[in-house]
Amino acid sequence: MNTRTRALLFLPLGAALAAFLLWGLAGLPDFGSTQGPYARYLARHATAQRHVTNVPTSIVFDYRALDTLGEELILFTCVMGTALLLRSSREAEEQRPSDRPTSAAQRHLVSLLIPVTVLLGLWTISYGYLTPGGGFQGGVVCGAAALMLWAAGGYRDHRALTPTGLVDAAEGLGAAAYIGLGLAVLAAGHAFLANVLPLGSTGTLASGGTIAVLNWATGLEVSAATVLVFHEFLKEYVQTLPGAAED
């Protein structure tokens, strides 16, 4: 099929898709508007019912925790698929590719920022149900700290300090902990992922019941998943460098 034929086939289909998307966008509610009694109910009662000060996190890890489990498993599957596709396209190598940052200022500055970034990520996860943040956001920040290891020391240092076996296990543990808590609650006679732990005092880390546990499980899974994606993309990158396969 030549380019002209493909263009002729695409134009009517593309126009139909564009019209459908515009129709959908035109029907969206105005920015900031609240649709439905469910959202209004949670805005008024979530903080009192779950002893948290962050309503979105209470929804994500409690009222709609099952939806979040689906999102977490989607991320898990995407990372696994990315790793399988990229690894299968590469030939096995006896030596690990190498690249080193050439700027001393970059190495020193990024080395100083790494612990700050890790601390920020852990803080974002820890206080996710008290302030804006949570396991997804903090997990990405912690994953970014792992990428900074590459910027400070190169690919070999990055892989040495984030071993694939350990990161794989951490990702699996995060996903398994989320599911395991739901099954444990179910075995105790409650609904799957129901909030059955003591809610504690509002405004403290010991609050929210199972929200805190699910939040940390998600933070672990997202952190590890982000690092695994960086592993594969960086491996693709360093193989394009001159002499990358040399020790």
> Of (1) part of a helix (DSSP H, G or I); (2) in contact (Cβ under 8 Å) with a residue 12 or more places away in the chain; (3) within 20 Å of Leu86 (Cα to Cα), Gly165 satisfies all except one. Which?
Replying inline: (2)
>> If Leu205 satisfies all but one of (1) part of a helix (DSSP H, G or I); (2) aliphatic (A, V, I, L, M); (3) modelled with pLDDT under 95, what's the number of the condition it fails?
In response: (1)
> Out of Ser58, Ser33, which single residue is assigned to a helix (DSSP H, G or I) and either among the polar types (S, T, N, Q) or buried (at least 18 other Cβ atoms within 10 Å of the Cβ) (or both)?
Replying inline: Ser58
> Is region 13-25 home to any residue that is modelled with pLDDT of 90 or more and aromatic (Phe, Trp, Tyr)?
Replying inline: yes
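Each row is one residue, and each column tells you yes or no for (1) closer than 30 Å to Val60 by Cβ; (2) acidic (Asp, Glu); (3) buried (at least 22 other Cβ atoms within 10 Å of the Cβ).
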residue: Ile125; (1), (2), (3): yes, no, yes
residue: Gly128; (1), (2), (3): yes, no, yes
residue: Thr131; (1), (2), (3): yes, no, no
residue: Gln137; (1), (2), (3): yes, no, no
residue: Ala152; (1), (2), (3): no, no, no
residue: Ala160; (1), (2), (3): no, no, no
residue: Pro163; (1), (2), (3): no, no, no
>> Taking the condition of being of a type in the set (Asp, Glu) and out of contact with any Phe, Trp or Tyr (no Cβ under 8 Å at 6 or more places or on another chain), how many residues in region 198-222 meet it?
In response: 0
> Taking the stated definitions as given, is Leu119 loosely packed, with under 14 Cβ neighbours inside 10 Å, within 19 Å of the chain's Cα centre (by Cα) and modelled with pLDDT of 95 or more?
Replying inline: yes
>> Quick check on region 168-194: of everything there that is in a loop (DSSP other than H, G, I, E, B) and hydrophobic (A, V, I, L, M, F, W, C), which residue is farthest from Phe230 (Cα to Cα)?
In response: Ala188
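The values are calculated or read from the model by the stated rules, or taken from the named source; none is laboratory data. All values reported here derive from a predicted model rather than from experimental measurement. A quick note on method: Cβ atoms are made from the backbone with ideal geometry, for glycine too, and the neighbour counts reach across all protein chains shown.
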